[in-house]
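Here the structure comes first, spelled out in structure tokens, and everything after it is commentary.
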Amino acid sequence: MDKRLGIYIHIPFCAGKCAYCDFYSLVGREDLIPKYQKALLSHIKESSSQLQGYIIDSVYFGGGTPSYYGTQNLISIFNMLKKYGRVLVDGEVTVEVNPDSITYQDLVKLRRAGFNRLSIGVQSANDGILKSVGRLHNFSQAEETVHSARRAGFENISLDLIYGLPSQTREDWADTITKAAALKPEHLSCYGLKIEEGTALYPFKDSPFIPDGDTQADMYLYMVEALERYGFRQYEISNFAKRGYQSSHNLKYWQMGEYMGFGAAAHSCVSGQRYSYVADMELYTENILSGKDVVDQAETITDFERAGEYLMLGLRTTYGISEQEYYNIFPCKFDMARELMDSYVARGWMVKNEDRWSFTPEGFLLSNVLIGEVLDVQTKQRMNIVSPWKNDEGDAYQFSMFNKRPGEVQLFNGIS
């Protein structure tokens with residue numbers, strides 16, 4: 001069976017830095033784009049032997065602002081992946097765009113090159129709020145971007161929204177949800193504002209203009225209910241989709257699939273190894289072009305760590321977790337975690353369907369704490385184990401992996 005791989009390309013260039021952004025990106029360094037592009041293409045080529053061991057079924061261009069980087073540059077990167085990797089023709093190929101840095105002509109070129117999913121940074125329908133956090137577009141431009149994308153042939157569009165923005169009220173948020181849903185996207189990503197140290201908003205984190213935790217919680221619960229009415233199914237804490245339009249690339253992260261990143265600050269998780277590249281564009285570029293190492297951090301993932309990640313990531317999704325799937329990763333008793341999660345069910349924070357536990361919307365609001373408690377009790381459970389392969393009666397546990405029958409695949413042949 002062919003192994004599947006997701007590819008992430010980090011484009012750390014922006015026209016302006018949003019007040020809440022703590023991702024690695026630079027403003028006013030367009031002079032570095034040609035060398036960065038050369039380094040990305042070289043890095044992909046150098047990784048060809050590793051790429052050949054997989055079928056690439058998802059590609060994600062994130063940032064930064066990929067649409068600001070230049071359409072032809074994005075197409076050239078994708079063409080390089082097609083040349084040196086086994087890219088699935090009907091795989092998901094996403095590019096993040098901002099309404100102020102994309103045109104209809106750009107969208108046509110991207111669609112013809114094989115890009116088939118857009119993630120549009122809308123954030124709010126309130127132009128005053130957009131301006132206050134440094135966004136360079138207004139909502140009318142966002143609407144026009146969606147219309148242009150449809151004309152260009154995009155049938156899979158996601159909108160990014162943020163709640164808890166400065167001076168945002170529940171009514172503002174409700175208006176944003178209504179107007180976003182009216183654009184009929186296939187997917188919505190809705191994130192609660194988190195003010196991180198080093199961002200322009202950080203000095204104002206305790207300002208009365210920033211919605212407090214209770215207000216954000218109210219916005220979240222309203223959002224879940226409203227989007228369900230509009231036909232969007234929640235499948236992860238912050239992500240909602242029409243039927244069949246969940247982001248397959250993002251699901252790789254939450255379902256512990258393998259992915260490989262390229263670019264400064266990009267992360268990878270391949271063959272039991274997790275590593276990241278230096279969060280320094282100039283150092284990344286110089287080291288790639290001179291044949292030097294660009295890895296910043298690397299670690300081997302143990303089975304127990306992988307089982308912990310299964311709990312942590314799986315509980316972010318509405319699909320949740322099961323005891324048997326945990327056993328398949330790391331054979332360990334589960335009774336303490338089972339008892340704890342059953343208590344969450346009794347409190348309305350979780351639901352249990354057959355052998356699966358998942359959070360309710362109210363549980364998602366507390367998920368950071370609750371997931372931490374599940375991880376803690378399972379760590380204690382492991383420490384009490386004498387023979388993890390046996391149950392209390394001394395009988396060996398029986399395990400089976402969930403295997404799927406490989407289907408036919410069609411790969412890109414050549415470049416656009």
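The values are calculated or read from the model by the stated rules, or taken from the named source; none is laboratory data. Keep in mind that what you see is a predicted model, and the values were worked out from it rather than measured. Don't worry about glycine lacking a Cβ; one is built from the backbone with ideal geometry, like all the others, and counts go over all protein chains shown.
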Next on the checklist: Please verify whether LYS45 is closer than 13 Å to GLY263 by Cβ, in contact with a helix residue (DSSP H, G or I) (Cβ under 7 Å, 6 or more places away or on another chain) and surrounded by fewer than 23 Cβ atoms within 10 Å (Cβ to Cβ), treating the condition exactly as stated.
Outcome noted: no
Checklist entry - In this structure, does LEU130 turn out to be within 27 Å of LEU251 (Cβ to Cβ), without any contact (Cβ under 8 Å) to a residue 60 or more places away in the chain and buried (at least 21 other Cβ atoms within 10 Å of the Cβ)? => result no
Checklist entry - How many residues are more than 30 Å from LEU193 (Cβ to Cβ) and either in contact with a helix residue (DSSP H, G or I) (Cβ under 6 Å, 6 or more places away or on another chain) or hydroxyl-bearing (Ser, Thr, Tyr) (or both) when one looks only at segment 1-31? => result 0
Item to check | Single unsatisfied condition, GLY164 versus (1) in contact with a Phe, Trp or Tyr (Cβ under 7 Å, 6 or more places away or on another chain); (2) under 27 Å from LEU251 (Cβ atoms) | outcome: (1)
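Got a number for residues in segment 207-245 being of a type outside the set (D, E, K, R) and in contact with an Asp or Glu (Cβ under 8 Å, 6 or more places away or on another chain)?
Let us first name the residues in segment 207-245 that are of a type outside the set (D, E, K, R), namely 207-211, 213, 215-217, 219-224, 226-227, 230-232, 234-235, 237-241, 244-245.
Subset that is in contact with an Asp or Glu (Cβ under 8 Å, 6 or more places away or on another chain): 221, 234, 241, 245.
Selection size over segment 207-245: 4.
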Checklist outcome for this item: Given (1) surrounded by fewer than 23 Cβ atoms within 10 Å (Cβ to Cβ); (2) on the phi > 0 side of the Ramachandran plot, PHE139 misses just (2)
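For segment 237-320, which strands (runs of 3 or more DSSP E) that fit wholly inside it have 1 or more residues that are more than 19 Å from ARG4 (Cα to Cα)? Working first, answer last.
Values: elements: 239-241, 259-262, 267-270, 273-277, 295-300.
Per the criteria, 239-241, 273-277, 295-300.
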Checklist entry - Any chance segment 270-287 includes a residue that's in the same structural domain as HIS147 (by TED's automatic domain parsing) and in contact (Cβ under 8 Å) with a residue 60 or more places away in the chain? => result no
Checklist entry - Somewhere in segment 212-221, is a residue assigned to a helix (DSSP H, G or I) and among the acidic types (Asp, Glu)? => result yes
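For segment 80-97, does any single residue satisfy the condition of being part of a helix (DSSP H, G or I), crowded, with 22+ Cβ neighbours inside 10 Å and not hydrophobic (A, V, I, L, M, F, W, C)? If you could, list the steps in order and put the result at the bottom.
Residues of segment 80-97 part of a helix (DSSP H, G or I): 80-84.
Narrowing further to those that are crowded, with 22+ Cβ neighbours inside 10 Å: 81.
Still in the list and also not hydrophobic (A, V, I, L, M, F, W, C): none.
Among the residues of segment 80-97, not one is part of a helix (DSSP H, G or I), crowded, with 22+ Cβ neighbours inside 10 Å and not hydrophobic (A, V, I, L, M, F, W, C), which makes the answer no.
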Item to check | Residue ID - nearest to ALA182 (Cα to Cα), chosen from residues in segment 134-172 that are assigned to a loop (DSSP other than H, G, I, E, B) and in contact with a strand residue (DSSP E or B) (Cβ under 7 Å, 6 or more places away or on another chain) | outcome: ASN156
Next on the checklist: Checking the conditions here, which among MET260, MET256, MET219 is touching a helix residue (DSSP H, G or I) at 6+ places or on another chain (Cβ under 7 Å) and more than 21 Å from TYR20 (Cβ to Cβ)?
Outcome noted: MET256
Checklist entry - Hey, ILE55 hits all of (1) closer than 19 Å to ASN156 by Cα; (2) surrounded by fewer than 20 Cβ atoms within 10 Å (Cβ to Cβ) but one; which does it fall short on? => result (1)
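Taking the conditions exactly as written (crowded, with 18+ Cβ neighbours inside 10 Å and closer than 22 Å to GLN234 by Cα), does TYR191 satisfy them or not? Step through it out loud before you land on a result.
Details: crowded, with 18+ Cβ neighbours inside 10 Å: no; closer than 22 Å to GLN234 by Cα: yes.
Here the answer is no, as TYR191 does not meet what is asked.
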Checklist outcome for this item: Here the residues within segment 5-50 that are of a type outside the set (Ser, Thr, Tyr), part of a loop (DSSP other than H, G, I, E, B) and either over 19 Å from the mean Cα position of the chain (by Cα) or at pLDDT below 95 (or both) are ALA15, GLY16, LYS17, CYS18, ALA19, CYS21, ASP22, PHE23, GLY28, ARG29
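Please find, among ALA152, ALA217, the residue that is assigned by TED's automatic domain parsing to the domain that holds GLY62 and closer than 30 Å to VAL93 by Cβ. Give the derivation first.
Working: ALA217 fails: closer than 30 Å to VAL93 by Cβ.
Checking each option against the conditions leaves just ALA152.
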Item to check | Of all residues in segment 157-172 being more than 16 Å from the chain's Cα centre (by Cα) and crowded, with 20+ Cβ neighbours inside 10 Å, the one that is farthest from ASN116 (Cα to Cα) | outcome: GLN168
Checklist entry - Hey, among the residues in segment 271-305 that are exposed (fewer than 15 other Cβ atoms within 10 Å of the Cβ) and among the small types (Gly, Ala, Ser), which one's nearest to ASN328 (Cα to Cα)? => result GLY272
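Any idea which residue in segment 225-236 is farthest from the chain's Cα centre (by Cα), counting only those that are outside any strand (DSSP E or B) and surrounded by fewer than 19 Cβ atoms within 10 Å (Cβ to Cβ)? Steps first, answer last, please.
Residues of segment 225-236 outside any strand (DSSP E or B): 225-232.
Applying the additional criterion that residues be surrounded by fewer than 19 Cβ atoms within 10 Å (Cβ to Cβ) yields 225-226, 228-231.
Details: GLU225: 22, ALA226: 23, GLU228: 21, ARG229: 24, TYR230: 23, GLY231: 21 Å.
Residue satisfying both the conditions and the ranking: ARG229.
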